[in-house]
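Below: the structure, in structure tokens.
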Amino acid sequence: MLGLGKDYDIGLALAPVDLATAGATGKRISMHDCAGVDIVLVYGAGTDGDDPVPSLQQHTAYTGGTSSDLAEISTIYRKAETTLDNDEIWAETTQTAAAIMTAVADDAQKQKIYVIHVPSTALADGYTHISVNQADLSNNAQLAAFLYLKVGLQVQRKPSNMPNLLRPGAANA
């Protein structure tokens, strides 16, 4: 059996975008029926001083509702190199739990992958969804794409039978 549907599900947080044009608001994902979500942030090399600082929010609904900062970013796993070529090892960076990741100095001019884990238990009462956002990086072009990996699935299915990630239980549109 594939890992997809058994061990994890994948959703889009942010389609590839140039962060110099405007800040990017990530899509929402339901935290229902999983142990948590690993947020995978992939950045192209940018300009010195444009170190990425993604932020995390929680929401009470799949659209609209109440939104608030989610101070859950405390451990970030990262790979960064001038050109990522899969010979890198994961580095662990820690910070006091916050809704905004502290910039990693001198990472702007490197290609990088960051992974942030958000356990389902981190949401405040009444909150059901999360999203990740990225503020405008104004100096020069920097491409990015973000994915959600829903992990610890409570219900395992073959991929074609999995519910949608925004509104589990609702018909797929």
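Remarks
- The set of residues in segment 1-24 being open to solvent by 30 Å² or more (accessible area, probe 1.4 Å) and either over 17 Å from Leu153 (Cβ atoms) or small (Gly, Ala, Ser) (or both) consists of Leu12, Ala15, Pro16, Val17, Asp18, Ala20, Thr21, Ala22, Gly23.
- Being buried (at least 16 other Cβ atoms within 10 Å of the Cβ), in contact (Cβ under 8 Å) with a residue 24 or more places away in the chain, assigned to a strand (DSSP E or B) and basic (Lys, Arg) is not true of Lys27.
- Of the set (1) buried (at least 23 other Cβ atoms within 10 Å of the Cβ); (2) modelled with pLDDT under 95; (3) under 20 Å from Arg167 (Cβ atoms); (4) of a type outside the set (Val, Ile, Thr), all apply to Tyr43 but (3).
- As for segment 71-88, it holds no residue that is open to solvent by 40 Å² or more (accessible area, probe 1.4 Å), in contact (Cβ under 8 Å) with a residue 40 or more places away in the chain, of a type outside the set (S, T, N, Q) and closer than 16 Å to Tyr43 by Cα.
- One residue from Leu56, Leu147 being touching a Leu at 6+ places or on another chain (Cβ under 8 Å), assigned to a strand (DSSP E or B), open to solvent by 60 Å² or more (accessible area, probe 1.4 Å) and touching a residue at least 40 places away in the same chain (Cβ under 8 Å): Leu147
- Residue count, segment 94-105 (criterion: touching a strand residue (DSSP E or B) at 6+ places or on another chain (Cβ under 9 Å) and either open to solvent by 40 Å² or more (accessible area, probe 1.4 Å) or assigned to a loop (DSSP other than H, G, I, E, B) (or both)): 8
The values are calculated or read from the model by the stated rules, or taken from the named source; none is laboratory data. These figures come from a predicted structure and were not determined experimentally. Please note: Cβ atoms are built from the backbone with ideal geometry, for glycine as well, and neighbour counts cover all protein chains shown. Heavy atoms of the whole protein, side chains included, go into the accessibility calculation; ligands, DNA and RNA do not. Shrake-Rupley method; radii C 1.70, N 1.55, O 1.52, S 1.80 Å.
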